[in-house]
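Colleague: Encoded as structure tokens, here's the structure I'll be asking about.
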Amino acid sequence: MWPYPKIVAHRGGGTLAPENTLAGLRAGLAYGFRAVEFDVMLSRDGIGMVVHDPAFGRTVAGRGSVAQTDASVLSSMDAGGWFGAAFRGEPVPFYTQFIDYCQQQRIWMNVEIKPADGADTATGAWVAQVTRERYAAELAAGDPAGYPLLSSFSYAALAAARDAAPELPRGYLLDTIPDDWQRQARELGAVTIHTNHKHLNADLAARIKAAGYGLFCYTVNTPERGHELLAWGVDGFCTDRIDLIGPTFA
Ligand code: G3P
Ligand code: MG
């Protein structure tokens, strides 16, 4: 149900580097993390880029939006200066750059499909197709621990990923768990449920596990809470505090 690492660095390298950058992956690796969560959104020309917010201003300097900017331009924009002068000029990465790095360093990926408004189907299908091509050998080997887990809050994006590459595992992201979660998860062929730990309780965790799903939480930043969740049967979680919660935390 969860053949993946238990502790996952959130948005690349958590709070030790600018989120969703190659510097983040390097920071995670420096702390021993070989498991990472990050967000993928399509550029104007339909290329998957690693970025969280649809609009510029918080992490990417400037005005405008990811969906209205071509990938070649995004890849030269500053996604690091907000974090610190040492990271100024750190670009918005291509998804394929993250794949390259993670394959070279043997880092497991939880790829969050993060569609801009109206791009759910296109983003889900694009991420699934590219991931399937780049992990063809691992998929043929048939060990799920060797290939990425796609996840999304977007039902439509996950449905498109399912249709484009049914063999890639899918996780359904739910901030709070609705009553009909199991019907939706079944329709999507999801194998894992990813949820906000703040809205989870022991009973709900037990029910999700009893139904046969992997259970993953975001974003857990204190060791005390991490221990509590694991005691409830949660299989894994992502953290911003990779300095406080290491990859062998248990
Ligand atoms: O994938 C879990 C988590 O990343 C979801 O929230 O907003 O950090 O992408 P967000
Ligand atoms: Mg995310």
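The values are calculated or read from the model by the stated rules, or taken from the named source; none is laboratory data. Worth saying up front: this structure is predicted, and the values here are computed from it rather than measured. Cβ coordinates were reconstructed from backbone atoms using ideal geometry, including for glycine residues, and neighbour counts include every protein chain displayed. What goes into the accessible areas is simple: the full protein's heavy atoms, side chains included, and nothing from ligands, DNA or RNA. Shrake-Rupley method; radii C 1.70, N 1.55, O 1.52, S 1.80 Å.
Colleague: Does residue 123 fit the bill of being farther than 23 Å from residue 3 by Cβ, under 16 Å from the mean Cα position of the chain (by Cα), surrounded by 21 or more Cβ atoms within 10 Å (Cβ to Cβ) and among the β-branched types (Val, Ile, Thr)?
Modeller: Numbers: farther than 23 Å from residue 3 by Cβ: yes; under 16 Å from the mean Cα position of the chain (by Cα): yes; surrounded by 21 or more Cβ atoms within 10 Å (Cβ to Cβ): yes; among the β-branched types (Val, Ile, Thr): yes.
The answer is yes for residue 123.
Colleague: Of 88, 63, which residue is charged (D, E, K, R) and closer than 27 Å to residue 29 by Cα? Can you show your working first?
Modeller: Working: 63 fails: closer than 27 Å to residue 29 by Cα.
Being charged (D, E, K, R) and closer than 27 Å to residue 29 by Cα holds for just one of 88, 63, which is 88.
Colleague: Among the acidic types (Asp, Glu), within 16 Å of ligand 1 (Cβ to nearest atom), modelled with pLDDT of 95 or more and under 14 Å from the mean Cα position of the chain (by Cα): does that describe residue 235? Don't jump to the end; show me each part of the working.
Modeller: Details: among the acidic types (Asp, Glu): yes; within 16 Å of ligand 1 (Cβ to nearest atom): yes; modelled with pLDDT of 95 or more: yes; under 14 Å from the mean Cα position of the chain (by Cα): no.
In short, no.
Colleague: Let me ask something else. Within the stretch 1-59, which residues are of a type in the set (Asp, Glu) and open to solvent by 30 Å² or more (accessible area, probe 1.4 Å)?
Modeller: Kept after step one, since they are of a type in the set (Asp, Glu), are these residues of the stretch 1-59: 19, 37, 39, 45, 53.
45, 53, listed by residue number.
Colleague: Report yes if some residue within the stretch 236-244 is of a type in the set (D, E, K, R), out of contact with any strand residue (DSSP E or B) (no Cβ under 8 Å at 6 or more places or on another chain) and in a helix (DSSP H, G or I); otherwise report no.
Modeller: Within the stretch 236-244, the subset of a type in the set (D, E, K, R) is 240-241, 243.
Still in the list and also out of contact with any strand residue (DSSP E or B) (no Cβ under 8 Å at 6 or more places or on another chain): 240-241, 243.
From what is left, the residues that are in a helix (DSSP H, G or I) are none.
For the stretch 236-244, residues of a type in the set (D, E, K, R), out of contact with any strand residue (DSSP E or B) (no Cβ under 8 Å at 6 or more places or on another chain) and in a helix (DSSP H, G or I): absent.
Colleague: Anything in the stretch 70-117 that is open to solvent by 40 Å² or more (accessible area, probe 1.4 Å), assigned to a helix (DSSP H, G or I) and without any contact (Cβ under 8 Å) to a residue 60 or more places away in the chain? List them, or say none.
Modeller: Across the stretch 70-117, the qualifying residues are 72, 73, 85, 86, 96, 100, 103, 104.
Colleague: Limited to the stretch 219-232, what total is found for residues that are surrounded by 22 or more Cβ atoms within 10 Å (Cβ to Cβ) and within 13 Å of ligand 1 (Cβ to nearest atom)?
Modeller: Keep residues of the stretch 219-232 that are surrounded by 22 or more Cβ atoms within 10 Å (Cβ to Cβ), which gives 220, 226.
With the extra rule that they be within 13 Å of ligand 1 (Cβ to nearest atom), the set shrinks to 220.
Of the residues in that region, 1 qualify.
Colleague: Report every pair of residues separated by at least 6 positions or lying on different chains whose Cβ atoms are under 6 Å apart, first residue within the stretch 125-143 and without any contact (Cβ under 8 Å) to a residue 40 or more places away in the chain, second among the β-branched types (Val, Ile, Thr).
Modeller: So the pair list comes out as 134/99.
Colleague: Could you tell me whether residue 245 is surrounded by 14 or more Cβ atoms within 10 Å (Cβ to Cβ) and either farther than 21 Å from residue 113 by Cβ or touching a His at 6+ places or on another chain (Cβ under 6 Å) (or both)?
Modeller: Numbers: surrounded by 14 or more Cβ atoms within 10 Å (Cβ to Cβ): yes; either farther than 21 Å from residue 113 by Cβ or touching a His at 6+ places or on another chain (Cβ under 6 Å) (or both): yes.
In short, yes.
Colleague: Follow-up question, since we're still on this one. Just checking, does the stretch 127-149 include any residue being within 16 Å of ligand 1 (Cβ to nearest atom), among the charged types (D, E, K, R) and more than 15 Å from the chain's Cα centre (by Cα)?
Modeller: Of the residues in the stretch 127-149, the ones within 16 Å of ligand 1 (Cβ to nearest atom) are 127, 131, 148-149.
Narrowing further to those that are among the charged types (D, E, K, R): none.
No: zero hits.
Colleague: Across the stretch 60-69, which residue is most open to solvent (accessible area, probe 1.4 Å) among those that are in contact (Cβ under 8 Å) with a residue 40 or more places away in the chain and more than 16 Å from ligand 2 (Cβ to nearest atom)? So that I can check it myself, show each step before the final result.
Modeller: Let us first name the residues in the stretch 60-69 that are in contact (Cβ under 8 Å) with a residue 40 or more places away in the chain, namely 65-67.
When the remaining residues are screened for being more than 16 Å from ligand 2 (Cβ to nearest atom), the result is 65, 67.
Numbers: 65: 25, 67: 46 Å².
Among them, the one singled out is 67.
Colleague: Could you list, in sequence order, all residues of the stretch 38-56 that are within 16 Å of ligand 1 (Cβ to nearest atom) and in a loop (DSSP other than H, G, I, E, B)?
Modeller: Keep residues of the stretch 38-56 that are within 16 Å of ligand 1 (Cβ to nearest atom), which gives 38-42, 48-55.
Result: 51, 52, 53, 54.
Colleague: Restricting to the stretch 174-199, count the residues that are open to solvent by 10 Å² or more (accessible area, probe 1.4 Å) and not in a loop (DSSP other than H, G, I, E, B).
Modeller: Qualifying residue count, the stretch 174-199: 11.
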